[in-house]
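The values are calculated or read from the model by the stated rules, or taken from the named source; none is laboratory data. A quick note: this is a predicted structure, and the numbers were derived from the prediction, not measured. Here the Cβ is made from the backbone with ideal geometry for all residues, glycine too, and neighbour counts use every protein chain on show.
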């Protein structure tokens, strides 16, 4: 009953959750020697139609590598952390509006 | 729900940074310690971090397969500073050797303070991750209302 927009929102939230997990992992390993920052290619994953297959994390290139071989940037991760939380917030509000609409249709139908 | 895995990852980060901060506090406290259980002056300790696959509270084979790429962090080993102790000429000191030199730990308080700031920042970053993920979980639960 939540086809179209509902499904897209669900997938969007799934991907945000996956990305947030990688951000948490990057932050936890901010001081681990040799650890490389990982992220998912958001656009590609969102448009990929292969359902069921989990998002593939890739190493992020172009970040400055510290002396111990670690390239986690706290600034980048903090930004992504906030961004993901806000996007998730927005998506969950939109999804809730869809569900409320559906519920209204059911309730109104009952009254007549 | 898979978002809970993110909480265990952040928790491992919190534990590791806390362990590191404890070691640094120990170093600062023992900056002038000339006697230890192992004999000789105190030696500076530091933690070595290593990433490891995260173990979720409700781990199943499937979940482990899906989250296999997520890594938490743990303290792999605690290393002691291999440098020679610092010799100070204090002939009246009870631990002085035949020539009157006392072996003191080679600890630079500035070095430990800077590392301590790093550990605190790392801890804060993990706390921020926990609260952001917690907020996302709350939002998902709100969908049911």
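May I ask you to verify whether residue A:64 is at the interface with chain B (Cβ under 9 Å from one of its Cβ atoms) and surrounded by fewer than 19 Cβ atoms within 10 Å (Cβ to Cβ)? When the stated conditions are applied, residue A:64 does not pass them. Exactly one residue among B:129, B:110 is within 23 Å of residue B:16 (Cα to Cα) and either touching a strand residue (DSSP E or B) at 6+ places or on another chain (Cβ under 6 Å) or without any contact (Cβ under 8 Å) to a residue 60 or more places away in the chain (or both), and that residue is B:110. Take the conditions (1) in contact (Cβ under 8 Å) with a residue 12 or more places away in the chain; (2) within 14 Å of chain A (Cβ to nearest Cβ); residue B:104 misses just one of them, which is (2).
The set of residues from the stretch B:57-80 being at pLDDT below 90, away from chain A (no Cβ under 11 Å) and either part of a loop (DSSP other than H, G, I, E, B) or closer than 30 Å to residue B:24 by Cα (or both) comprises B:57, B:58, B:59, B:60.
If the condition is being within 20 Å of the chain's Cα centre (by Cα) and assigned to a loop (DSSP other than H, G, I, E, B), then the stretch A:55-102 contributes A:55, A:56, A:60, A:61, A:72, A:73. Here are some conditions: (1) buried (at least 16 other Cβ atoms within 10 Å of the Cβ); (2) at pLDDT 90 or above; (3) within 11 Å of another protein chain (Cβ to nearest Cβ). Residue A:93 meets all but one. Which one does it not meet? Every listed condition holds for residue A:93 apart from (1).
Just one residue in the set B:12, B:51 is closer than 23 Å to residue B:138 by Cβ and at pLDDT 85 or above; that residue is B:12.
What about residue B:139, is it more than 14 Å from the chain's Cα centre (by Cα) and part of a helix (DSSP H, G or I)?
yes
Selection of the stretch B:11-39 for residues being assigned to a helix (DSSP H, G or I), more than 14 Å from the chain's Cα centre (by Cα) and in contact (Cβ under 8 Å) with a residue 60 or more places away in the chain yields only B:28.
Here's the yes/no breakdown for (1) over 30 Å from residue B:48 (Cα atoms); (2) more than 10 Å from chain B (Cβ to nearest Cβ); (3) touching a strand residue (DSSP E or B) at 6+ places or on another chain (Cβ under 7 Å):
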{"residue": "A:2", "(1), (2), (3)": "yes, yes, no"}
{"residue": "A:5", "(1), (2), (3)": "yes, yes, no"}
{"residue": "A:8", "(1), (2), (3)": "yes, yes, no"}
{"residue": "A:17", "(1), (2), (3)": "no, no, no"}
{"residue": "A:21", "(1), (2), (3)": "no, no, no"}
{"residue": "A:26", "(1), (2), (3)": "no, no, yes"}
{"residue": "A:30", "(1), (2), (3)": "no, no, no"}
{"residue": "A:34", "(1), (2), (3)": "no, no, no"}
{"residue": "A:38", "(1), (2), (3)": "no, no, yes"}
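Would it be correct to say that residue B:123 is more than 10 Å from every other protein chain (Cβ to nearest Cβ), modelled with pLDDT of 90 or more and either touching a strand residue (DSSP E or B) at 6+ places or on another chain (Cβ under 6 Å) or over 21 Å from residue A:37 (Cβ atoms) (or both)?
no
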